[in-house]
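Following: one structure in structure tokens, then a few remarks.
The values are calculated or read from the model by the stated rules, or taken from the named source; none is laboratory data. What you see is a predicted model, and the numbers here were worked out from it, not measured in a lab. Every residue, glycine among them, receives a Cβ derived from its backbone with ideal geometry; neighbour counts consider all protein chains shown.
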Amino acid sequence: MRLRSPFFLLMILGFLALFFLNTWQGFRYQELEREVEKLELEQKNWLEKNKKVIAALAVLSSPQRVKSLAVAELGLEPLKAQDVIQIELEDGELD
């Protein structure tokens, strides 16, 4: 009977240790699952913001908008053909 007592005690301690580790692992799993959900939501929000920024960039950089701003706010006018001066250089004239 004396020989079985330490073995029985060791088995109970082993069972309790495994039970504790299983519980701890479950808790850790739930914690990581919540963190993953939070990061996925953050990623989704960033993707939506990125889509909005790309759409705004497309609108703001459209040629029609740039032309209307140039005419209305800067007073620029489209260039006429007679206002263009072309300069032709011979080889070596740039040196």
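General observations
- Condition check for Ser62: under 30 Å from Pro78 (Cβ atoms), out of contact with any Lys or Arg (no Cβ under 9 Å at 6 or more places or on another chain) and at pLDDT below 95: yes
- Within region 69-95, residues that are assigned to a loop (DSSP other than H, G, I, E, B) and surrounded by 10 or more Cβ atoms within 10 Å (Cβ to Cβ) have Cβ atoms under 7 Å from residues that are at pLDDT 85 or above and not charged (D, E, K, R) in these pairs: Leu76/Ala70, counting only partners at least 6 apart in sequence or on another chain.
- Residue match in region 10-33 (condition: modelled with pLDDT of 90 or more and among the basic types (Lys, Arg)): yes
- Unique residue being under 29 Å from the mean Cα position of the chain (by Cα) and of a type in the set (Gly, Ala, Ser) when the list is Ala55, Ala72, Ala81: Ala55
- Residue within region 46-63 that is of a type in the set (Ser, Thr, Tyr) and outside any helix (DSSP H, G or I) present: yes
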